[in-house]
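Report on the following structure.
The values are calculated or read from the model by the stated rules, or taken from the named source; none is laboratory data. Owing to the predicted nature of the structure, the values given are computational and were not obtained by experimental measurement. Every residue, glycine as well, gets a Cβ built from its backbone with ideal geometry; the counts of neighbours run over all protein chains shown. Keep in mind that these areas ignore ligands, DNA and RNA; they rest on the heavy atoms of the full protein, side chains included. Shrake-Rupley method; radii C 1.70, N 1.55, O 1.52, S 1.80 Å.
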Amino acid sequence: MSLLVVGSVAYDALESPYGKVECTLGGAATYFSVAAAFFTKVSLVAIVGDDFHPGDEAILRKRSIDIEGLERASGKCFFWAGRYSQNLNERVTLATELNVFADFKPRLPEKYRSSKYVFLANIAPDLQRDVLKQVKGKPKLAAMDTMNYWIERSNGDLRETLKHVDILMINDSETRELSNEHNLLRAAKQIFKMGPSTLVVKRGEYGAMMVDKHGVFCVPAFPLEEPHDPTGAGDSFAGGFMGYLAGAQSTSDAALRRAMVYGSVLGSFAVERFGLDRLLSLRKSEIQARARHFSKLTQFKL
Ligand code: AMP
């Protein structure tokens, strides 16, 4: 079962107390696809410029990632630059250059249109909706991410897209900004009125929380001694989460809970090294071992 994703494929400039890279393959859809490909086939919809490096294309091709939906245009790839604080908890965006994304009109290859699992990664909400509209029938599960950039610049469009998805997966500050509620449980109630029936809040070093009709489920973040670069942690979480569900072909409560753990596992690996580096050297056996470790980490007797 293949998992459809639309989002940014980008070049990033990253700075953290652990180092600096000028230009490395990034983008929300890239992290998502690489993480999800450990569990399922992925169909990628995005656009790149003529500066897209053949070596970076090979990274995607080598995995179970179908790039027929990766359009090429003349111009430059999406570019994003960010800098992290000493404790890695805060980041400032230094540059967001949409470049080829500014005129992107996503067109789904015919074979992508029957996708049953769809993820709208962080990108302009009207593009997210365009992709969803081209999927035939109602997907079994449609989830989306967004960020403050779109909450502030395209709020109307974002509200329209939200009406059509089952799961919203965002971080805690975005949850508060979107809902105008500080408390995350009250925020979830506001967000359910906008369309989604499930809210997954990514809380960085505090783990992740899922709220739906069954109640609340939380997973901790995997304790790491030396995280290096949080870029893409949220997208890798989403890739692990959606990849697991698409691979298991299930949206049951038990599967959603396991998906939270696989999301946390992939997110925790992503931050261990700069950019995509750790995900590219990762093996499936390491994912399973860390998932078992998660299970031990959270077990207790009453
Ligand atoms: P995350 O750390 O999960 O927020 O994701 C970081 C990735 O998102 C980077 O690789 C960026 O290229 C990408 N990104 C940053 N800002 C945007 C934006 N406004 N739209 C789409 N992708 C973005």
When region 138-179 is examined, which residues are found to be open to solvent by less than 20 Å² (accessible area, probe 1.4 Å) and among the small types (G, A, S)?
A142, A143, S179
Log entry, pairs with first residue in region 148-168 being among the aromatic types (F, W, Y), second being within 14 Å of the ligand (Cβ to nearest atom) and open to solvent by less than 30 Å² (accessible area, probe 1.4 Å), beta carbons closer than 7 Å, six or more apart or on different chains, reads W150/A124; W150/P125; W150/L158
Hits in region 1-22 - residues which are closer than 24 Å to L98 by Cβ and either within 15 Å of the chain's Cα centre (by Cα) or within 11 Å of the ligand (Cβ to nearest atom) (or both)
L4, V5, V6, G7, S8, V9, A10, Y11, D12, A13, L14
Under 6 Å between Cβ atoms, at least 6 apart or on separate chains: pull out the pairs that start in region 255-280 with a residue that is touching a residue at least 40 places away in the same chain (Cβ under 8 Å) and end on any residue that is of a type in the set (F, W, Y) and part of a helix (DSSP H, G or I).
V261/F294; Y262/Y244; G263/F237; G263/F241; G267/F237
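Residue-by-condition table, conditions (1) open to solvent by 20 Å² or more (accessible area, probe 1.4 Å); (2) farther than 28 Å from S250 by Cα; (3) at pLDDT 95 or above; (4) in contact with a helix residue (DSSP H, G or I) (Cβ under 9 Å, 6 or more places away or on another chain):
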| site | (1), (2), (3), (4) |
| --- | --- |
| G49 | no, yes, yes, yes |
| P54 | yes, yes, yes, no |
| A73 | yes, yes, yes, yes |
| T93 | yes, yes, no, yes |
| P106 | no, no, no, yes |
| L120 | no, no, yes, yes |
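Each row is one residue, and each column tells you yes or no for (1) of a type in the set (K, R); (2) within 16 Å of the ligand (Cβ to nearest atom); (3) touching a residue at least 60 places away in the same chain (Cβ under 8 Å).
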site	(1), (2), (3)
D51	no, yes, no
E57	no, no, no
L60	no, yes, no
E68	no, no, no
A81	no, yes, yes
L94	no, yes, yes
Is there any pair linking a residue in region 1-30 that is without any contact (Cβ under 8 Å) to a residue 12 or more places away in the chain to one that is in a strand (DSSP E or B) and more than 9 Å from the ligand (Cβ to nearest atom), with Cβ under 6 Å and at least six apart or on different chains, and which?
E22/A13
